[in-house]
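For reference, the structure is listed below as structure tokens.
The values are calculated or read from the model by the stated rules, or taken from the named source; none is laboratory data. Note that the structure is predicted; figures quoted are calculated from it, not measured. Cβ: placed from backbone, ideal geometry, glycine included. Neighbour counts: every protein chain shown. Heads up: the accessible areas ignore ligands, DNA and RNA and are worked out on the full protein's heavy atoms, side chains in. Shrake-Rupley method; radii C 1.70, N 1.55, O 1.52, S 1.80 Å.
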Amino acid sequence: MRKPMVAGNWKMNKTVAEGVKLMEELIPMINGISSVDRVVCPPFTALYCVSETLKGSEIGCGAQDLFWEEKGAYTGEVAPNMVAELGQYVIIGHSERRTYFGETNETVNKKTLAALKHGLTPIVCVGETLEENQGGKTEAVVSGQILEGLKGLSAEEAAKIIVAYEPVWAIGTGLAATGPDANKVIADYIRKPYASMYGEEAAQAIRVLYGGSVKGSNAAEFFGQPDIDGALVGGASLKAPDFTEIVKAAAA
Ligand code: PEP
């Protein structure tokens, strides 16, 4: 049995004060929904205050990125142990990082290894662009992101990761994939290549989330699919009632 998870990616939104206010509103709404793992990923600047606000609650906290080096002259970067002081999770390889900041499967791989080394749970994002989708390249792109992104992870490490399938064309566009289409990509292009590295049993045990324009009104369509274990949520994670609706759909 894979426990459902709903994780919120705040992206570059919320100041410290706004983040704390959102948590004060959200905690009473979702704290009792223990059948779902609930996680928020604020920007680095709000991570400390949000993690303090979450103390004593059941809600986990994560960063949206990290750097793979331990410390040193890397201006602007944040080391894995700095994130591990404040949270349990880290989003790695989000398509916005790949598109705007030159991240590749190789950097995703380094970051994933570094996160695991420091006890963080990586939420590794994969997904094809519209052009790749229309060009029939979804399988090659997504399975390549899995095979290359997870290269060199031991079976024990690979068992700890969470994968988020986020078709790039569905992120922030309001154009979500259909439940069955997302499920097919996850079953065939994520779990299968994972199984080729770590075996079928391990592939059935890892959690895979769907992300891309998930909201309260469409969440059940995804959560009803056999291979989808929850959601990575962008826009709808910025308002407590919207995020709560998704968490409740995952619990249903
Ligand atoms: C995301 O940022 O990971 C995401 C899925 O965004 P949205 O829910 O806004 O499409």
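For the stretch 108-140, how many residues meet the condition of being within 18 Å of the chain's Cα centre (by Cα), open to solvent by less than 30 Å² (accessible area, probe 1.4 Å) and not basic (Lys, Arg)?
14
State all residues of the stretch 109-155 that are under 14 Å from PRO167 (Cα atoms), in a helix (DSSP H, G or I) and among the charged types (D, E, K, R); if no residue qualifies, say none.
Within the stretch 109-155, GLU131, GLU132, GLU139 meet the criteria.
Check every one of the helices (runs of 4 or more DSSP H) wholly within the stretch 1-101 and list those with 1 or more residues that are farther than 20 Å from CYS125 by Cβ and free of Cβ contacts under 8 Å to residues at least 24 places away in the same chain.
16-30, 44-54, 80-84
Residue by residue through the stretch 156-168, note down the ones that are among the small types (Gly, Ala, Ser) and either closer than 12 Å to GLY211 by Cβ or part of a helix (DSSP H, G or I) (or both).
Of everything in the stretch 156-168, those that are among the small types (Gly, Ala, Ser) and either closer than 12 Å to GLY211 by Cβ or part of a helix (DSSP H, G or I) (or both) turn out to be ALA158, ALA164.
Kindly indicate whether any position in the stretch 145-153 is over 21 Å from GLU69 (Cβ atoms) and either over 17 Å from the mean Cα position of the chain (by Cα) or within 14 Å of the ligand (Cβ to nearest atom) (or both).
yes
Just need a number here: residues in the stretch 73-115 that are away from the ligand (no atom under 16 Å from the Cβ) and either modelled with pLDDT under 95 or of a type in the set (Phe, Trp, Tyr) (or both).
Residues meeting the conditions: 1.
State yes or no: is THR138 touching a Phe, Trp or Tyr at 6+ places or on another chain (Cβ under 8 Å) and under 17 Å from THR104 (Cα atoms)?
yes
I'm trying to understand the selection: among the residues of the stretch 1-30, which are away from the ligand (no atom under 16 Å from the Cβ) and among the β-branched types (Val, Ile, Thr)?
THR15, VAL16, VAL20, ILE27, ILE30, listed by residue number.
So which pairs qualify, if the first residue must be in the stretch 218-233 and touching a residue at least 24 places away in the same chain (Cβ under 8 Å) and among the small types (Gly, Ala, Ser), the second must be open to solvent by 40 Å² or more (accessible area, probe 1.4 Å) and assigned to a strand (DSSP E or B), the Cβ gap must be under 7 Å, and the two must be at least 6 apart or on different chains?
Short answer, once both residue conditions are applied: GLY230/ARG207.
I want to confirm something. Restricting to the stretch 1-54 and keeping residues that are open to solvent by 10 Å² or more (accessible area, probe 1.4 Å) and among the aromatic types (Phe, Trp, Tyr), which single residue is farthest from GLY87 (Cα to Cα)?
Applying the filter and picking the extreme gives PHE44.
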